[in-house]
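**Student:** Before I ask anything, let me first share the structure, which is written out below as C-alpha cells.
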Amino acid sequence: MPDVNINAPIAAQQAGSTEPPEPRVPRVEREFTVVEKSQWQQAGRRFVRHRIAMVSSVVFIVLLLFAFVGPYFWQFPYNKFSNNLSDLNAGPSLRHPFGTDNLGYDGLAVVMRGTQQSLKIALSIALLAVVVGSIWGVVSGYFLGFVDSVLMRFADLVLTIPALALAAALAHNTTGSWWVIALVLGGLSTPYVARVVRGTVLSLREREFIEASRALGASNTRIMFRHLIPNALAVIIVNATLLVAAGILSETALSYLGFGVRAPDTSLGLLISVAQGAVDTRPWLFYFPGIFIILIALTVNFIGDGLRDALDPRQTRQRR
Amino acid sequence: MFAFLIRRALVSIPVLIASTLLTFIMVKLSGDPLQYLKLRNPPVPRHTILLEEHRLGLDRPWLSQYWHWITNVLLHGNFGQAIDATVNIRTELSSALLVTARLVILSVIISVILAVVTGVYSAVKQYSVTDYTTTFAGFLFLSMPVFWFAILLKQGGIWYNEHVSRGTFFTIGEKSVFLTDNSFWSRMSDYAGHLVLPTIVLSLAGYAGWTRFTRASMLEVLNSDYVRLARSKGLKPRQVLIRHALRTALIPLTTVTALDIAALLGGAIVTERVFQWHGMGNMFLTAVQNIDANVMLAWLLVTATIVILFNLFADILYGVLDPRIRHA
C-alpha cells in the first residue's frame, strides 16, 4: 500500500507562503509514515473490500431506485388496468416485461409498487425496532437491578409467542395500511434488539472510560447516550440490516396470509398469494415477486455480513 | 445441579402467567368477537346479542374476564367457549397440536442433523468450494420466503404427479380423507407420505440459520488452544474433531435451536396454509379471521407454554453439557 507522507500538508503550506510558519505538529522522524485513520474510516475500508457486500450494496441501491423512482418513469400505473383484451394474462413482452394478470394489470408496475411497499415496511420495522430497542437495551443494561428485571422479563414475554401469530391477531382488525403493519412488526422485533444491545452494554459499562466519565460527574443520561450507545453502534447497525431482511420476510408472510397489506394496495407477499394457483399457467405472476423478495433479503443479508466483518474484525480470523 | 433445575423451572412460572395476561390484552385489542352478529343485515335482535355476550362472558369487566378465564384453564382445564357453541376448544386444540407436532419435530430433527453435518464440514474445509457453496445455500434459504418455496415445491409435486407418475407426492392435507385399508401401518405410511413436502420446506427454513451458527462455532473451537494441543499430542484428526472439537462446538447450538422454536412455529403456520393442513396454523388463522377470542387465547397459551418449556429444556441441557454453567 502506498503510504502518504504525514508531512505532505505542511509541505504544501510551506510552498504556498514565503515565510515558513511554525509547524503545529512536531516533526517526527519515522522510517515508515502512516496516515491516521479513525475507527469508522477503517471499517469503511474493510467494507469496501468485502466484494460480495459491495456488489450487494449496489444491487440494493438499484432495487431502491426501481421501487421508489421507477414508477415515475414507467408508462403503466399499478392501480389502472388495461382495457385492451389482448393485455389479459399476457406473457412477458416488450410492452409488458413482467406480463399481465387476468384483470390486465401490468406486472412490472405491480411488482414495482409491491417492492416499494415491502421495502417501506421493512425499513420502518428496522428503524423502529433499532431506535426503541437500543433505548430499551441501554436502560436495562445500565441500570440493572429491578429496572433490568422488569424490562428483560417483558422482552422474554414477547419472544415466547410466535411473532407471526401475534402480528396476525393485531393487524387483522386494522385498515392494513403500510405503517400499521410496520408498527406491529417493528414492535414485535424490538425485544430482539433490546436483548442484543443490553448484552453489549453489560460489558461496556464495566470499562474504564465509563468509570472515568462517572468520576467526572456525567449524568446517567449522558453516559447512556453519549458513551454507551455510540460504543454499541457497531452491534446496532449490524442488527438493523439483519432486521430489514427479517422484516421483509415477515411482512410478505403476513400479507400472504391475508393479514398484511390488502387490496387495492399491494405488496410482494400479496402478489404471490394471488398468483399461487398460477405457477404452471402464468408463471410470470408467481416468479417475479418471489425473485424480488429473495433479491432484497439476500442483498441485505450480505450487506449485514459485510458490515459485521467490517465493524467487528475480531469475529473474522482473516486479516483484511 | 438439582437446585439449579428447580430454580430455573420456578422462574418460568411467573413468565408464563405474565404471558397469559399479555396475550389476553392483545386478543382483546384484536377486535370484538360479536362483530359478525352486530353487522348482520337484517339486524339480529338485541336479545340474541346479549345472550351471546353472556355465553362468551363478554358482559363482565376485562379484569374479571381474565380472572374467570385463567382460573377455568388452570383448575378445570377448560378453555372457555368458542364462537361456534358446538366446538370444544380442548379437543380441537389437541388434535391440531398432534398434527403440527409431527411436522415440527420431524423438521427440527432433520434440519439439526443437516445443519451440523454441513456446518462442521464447511468449517473443517474452510474456504473450499463446498464451504462457499453451503454458505451461499445457507444465505439463499435464509432469504427465501417460506411460503414461496412451499408453493414452488407443491406445484413441483403436482407437476411430477401429472407428468411422471401418478400419486407420488401428496400435496394437500395431513392425511388422506379416505383410506381403503385402515390398518395401523397403512395409516402411518399415509401420514409419512403427506409429511414429505412440508417437512422439506420447514427443515430448510430452520437449517439456514443453524448451519451458519454451527460453522461459526466450529471455526472458533478449531482455532482454540486446546484443540491445537490435542493435535500436537498426536491424536488422530478424527478423534480431535469428534471428541474434542464437536462436543464443545455443539453446546451453544442447543440454546439457539430452542430459542428458534417460536420462529419455527411461525414457519409452520405458513407451511400448513400452503399445504392445507388442519393443524395449529389453520386453527389460529381461522380464529383470527372470526375474532374467536377464546380459541386464540387457548392457542397462544399452548404455544407460549411449548416455547417456555423448550427454553427451560435448553437451559437444563446447557447446564448438563457445560460444567461452567452448572457450577456457577
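**Student:** So which residues in region A:208-245 are away from chain B (no Cβ under 12 Å) and among the β-branched types (Val, Ile, Thr)? Write out each step before concluding.
**Tutor:** First, the residues of region A:208-245 that are away from chain B (no Cβ under 12 Å): A:208-241, A:243.
A:Ile210, A:Thr221, A:Ile223, A:Ile229, A:Val235, A:Ile236, A:Ile237, A:Val238, A:Thr241 - these are the residues of region A:208-245 that are away from chain B (no Cβ under 12 Å) and among the β-branched types (Val, Ile, Thr).
**Student:** Something else: Could you check how many residues of region A:118-163 are more than 14 Å from the chain's Cα centre (by Cα) and over 16 Å from A:Met224 (Cβ atoms)?
**Tutor:** 15
**Student:** Tell me which residues, restricted to region A:211-231, are over 19 Å from A:Trp136 (Cα atoms) and surrounded by 13 or more Cβ atoms within 10 Å (Cβ to Cβ).
**Tutor:** Selection gives A:Ser213, A:Arg214, A:Ala218.
**Student:** Closer than 30 Å to A:Thr252 by Cβ, of a type in the set (Val, Ile, Thr) and in contact (Cβ under 8 Å) with a residue 40 or more places away in the chain, is that true of B:Val201?
**Tutor:** yes
**Student:** Another question about this same structure. Which of the numbered conditions does B:Glu174 fail, given that it passes all the others? Conditions: (1) under 30 Å from A:Ser56 (Cα atoms); (2) surrounded by 15 or more Cβ atoms within 10 Å (Cβ to Cβ).
**Tutor:** (1)
Conditions (1) exposed (fewer than 14 other Cβ atoms within 10 Å of the Cβ); (2) among the aliphatic types (A, V, I, L, M), marked per residue:
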site: B:Lys125; (1), (2): yes, no
site: B:Lys154; (1), (2): no, no
site: B:Ile158; (1), (2): no, yes
site: B:Phe169; (1), (2): no, no
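**Student:** Say whether the condition of being away from chain A (no Cβ under 13 Å), under 28 Å from B:Ile200 (Cα atoms) and assigned to a helix (DSSP H, G or I) is met by at least one residue in region B:306-313.
**Tutor:** Yes, region B:306-313 contains at least one residue that is away from chain A (no Cβ under 13 Å), under 28 Å from B:Ile200 (Cα atoms) and assigned to a helix (DSSP H, G or I).
**Student:** Would you confirm whether any residue within region A:251-273 is more than 14 Å from every other protein chain (Cβ to nearest Cβ) and not in a loop (DSSP other than H, G, I, E, B)?
**Tutor:** So far as region A:251-273 goes, no, none of its residues is more than 14 Å from every other protein chain (Cβ to nearest Cβ) and not in a loop (DSSP other than H, G, I, E, B).
**Student:** Give A:Ile303, A:Ile248 a once-over and let me know the one that is part of a helix (DSSP H, G or I) and at the interface with chain B (Cβ under 9 Å from one of its Cβ atoms).
**Tutor:** Details: A:Ile303 fails: at the interface with chain B (Cβ under 9 Å from one of its Cβ atoms).
Of the residues listed, the single one that is part of a helix (DSSP H, G or I) and at the interface with chain B (Cβ under 9 Å from one of its Cβ atoms) is A:Ile248.
**Student:** Looking at A:Val279, is it more than 12 Å from every other protein chain (Cβ to nearest Cβ) and at pLDDT below 85?
**Tutor:** Values: more than 12 Å from every other protein chain (Cβ to nearest Cβ): no; at pLDDT below 85: yes.
In short, no.
**Student:** OK, next. Kindly evaluate B:Lys175 against the criterion of being in a loop (DSSP other than H, G, I, E, B) and closer than 23 Å to B:Thr100 by Cβ.
**Tutor:** Against the criterion (in a loop (DSSP other than H, G, I, E, B) and closer than 23 Å to B:Thr100 by Cβ), B:Lys175 qualifies.
**Student:** Also, I was wondering about something else. Return the only residue of B:Ser122, B:Ser107 being hydroxyl-bearing (Ser, Thr, Tyr) and touching a Lys or Arg at 6+ places or on another chain (Cβ under 7 Å). Please lay out each step first, then the result.
**Tutor:** On the way: B:Ser107 fails: touching a Lys or Arg at 6+ places or on another chain (Cβ under 7 Å).
Exactly one of B:Ser122, B:Ser107 is hydroxyl-bearing (Ser, Thr, Tyr) and touching a Lys or Arg at 6+ places or on another chain (Cβ under 7 Å), namely B:Ser122.
The values are calculated or read from the model by the stated rules, or taken from the named source; none is laboratory data. Worth saying up front: this structure is predicted, and the values here are computed from it rather than measured. When we count neighbours, we look across all protein chains shown, and the Cβ atoms used for this are built from the backbone with ideal geometry, even at glycine.
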